[in-house]
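Readers should treat all values here as calculations from the given coordinates under stated rules, not as data from a laboratory. Remember, it's a predicted structure, so these values are computed and weren't measured experimentally. Neighbour counts run over all protein chains shown; Cβ positions are idealised from the backbone, glycine included.
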Amino acid sequence: MTVHRREKRFSAEACAVAQFVADAVGAAVARDPGMDEDAEGPWASRAIVHQATGMIVSRLQLRPEDSLALIRAHAFAHSDTLTGTCQRIIDRELNLMDPDALDGESW
């Protein structure tokens, strides 16, 4: 955990609060079954969405918010889930860059 501060030193109370937050987040992450490599869950699905969004950001030079909106719109228009659409982008089965291209083409 990285903490930025304005003061040169934390007070004892601030250190205790920061440690509590770090411990709570660490425990939540460690207990989440979605953190297993092959598991499904909220962390795993979020990672898929972030990775696909990053791919669109890179290819189309869009802001992350706009890239995610494009992915959401595609999922909605095709009655797909957000995670399903993102997985297809990651697997290069879906190409959002050229609407006339076959899925996966031009990656």
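Computed extension length for His50-Asp91: 13.4 nm, one decimal, from 0.36 nm per residue of separation with the Cα-Cα distance subtracted.
Is the shape of the stretch 42-90 rounded, prolate or oblate, going by the alpha carbon gyration tensor and its root eigenvalues a ≥ b ≥ c, with a/c under 1.5 for rounded and a/b larger than b/c for prolate? Can you show the working numbers first?
Working: a/c = 1.87, a/b = 1.17, b/c = 1.60.
Oblate, since a/c reaches 1.5 and b/c is not below a/b.
Please find the FRET efficiency linking Ala16 to Leu70, where r is the Cβ-Cβ separation and R0 is fixed at 25 Å, and quote it to the nearest 0.05. In this case the efficiency is close to 0.05.
Per 0.36 nm of contour for each residue apart, how much would the distance between His78 and Arg9 grow if the chain were fully extended, relative to their Cα-Cα spacing?
Numbers: separation 69, 0.36 × 69 = 24.84 nm, distance 5.33 nm.
Result: 19.5 nm gained on full extension.
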